[in-house]
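Asks: Sending over a structure as structure tokens; questions will come in a sec.
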Amino acid sequence: MYGNKGASPFETHGLVMMLFIASMLIHSLVAVATLTMQALFKNHPFVPVLNQISIAFGVLACDLLLVILAPPFGYFFLVIWLLLLLLVLLYTVFNLVFPSLLRDSTENVKNYFRNHMAWGPRLRTAHASAPTG
């Protein structure tokens with residue numbers, strides 16, 4: 001029995017309970033994978049990523065239980081979880097992907113202007129042949 005009602009949470013909140021079980025399963029599997037990778041490879045680059053995934057799914061599981069027990073608070077914290085997940089994903093993308101893209105594109109623009117624009121090679125030869133006096 002669930003509380004004083006005659007129905008279980010699986011009957012009244014079937015989708016939420018299935019999401020809870022799936023998120024707990026993912027949280028547990030990723031936590032074991034994180035611990036295994038830490039034991040086998042001390043400084044593997046995927047360990048922090050796996051750790052963040054494990055924490056995110058563990059928090060999601062807690063939020064889903066809160067959706068069942070206190071729906072207004074549960075949905076409020078679920079929205080906060082989604083916003084924080086979005087912030088973490090954006091932070092990861094901007095720190096891992098965009099710095100290399102920005103560095104590469106900046107170098108390409110510099111090389112283009114040095115090699116193809118009028119003030120590139122011609123300006124260097126003009127300064128080299130100018131009399132100093």
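Asks: Would you please list the contacts, defined by Cβ atoms under 7 Å and residues six or more apart or on different chains, that run from a residue in the stretch 73-84 that is closer than 15 Å to residue 53 by Cα to a residue that is hydrophobic (A, V, I, L, M, F, W, C)?
Replies: Filtered contacts from the stretch 73-84: 81/59; 81/60.
Asks: Does at least one position in the stretch 61-72 carry a residue that is open to solvent by less than 80 Å² (accessible area, probe 1.4 Å) and within 22 Å of residue 91 (Cβ to Cβ)?
Replies: yes
Asks: How about the stretch 1-33: which of its residues are open to solvent by 100 Å² or more (accessible area, probe 1.4 Å) and over 16 Å from residue 63 (Cα atoms)?
Replies: 1, 4, 5, 10, 11, 29
Asks: If I filter the stretch 34-50 down to residues being open to solvent by less than 70 Å² (accessible area, probe 1.4 Å) and of a type in the set (S, T, N, Q), which single residue comes out as farthest from residue 81 (Cα to Cα)?
Replies: Step by step, filter the stretch 34-50, then rank; the result is 36.
The values are calculated or read from the model by the stated rules, or taken from the named source; none is laboratory data. As the structure is a computational prediction, the values presented were derived from the model and not from experiment. Neighbour counts are summed over all protein chains in view; Cβ atoms, including those assigned to glycine, are modelled from backbone coordinates with ideal geometry. Ligands, DNA and RNA are excluded from the accessible area calculation, which covers all protein heavy atoms including side chains. Shrake-Rupley method; radii C 1.70, N 1.55, O 1.52, S 1.80 Å.
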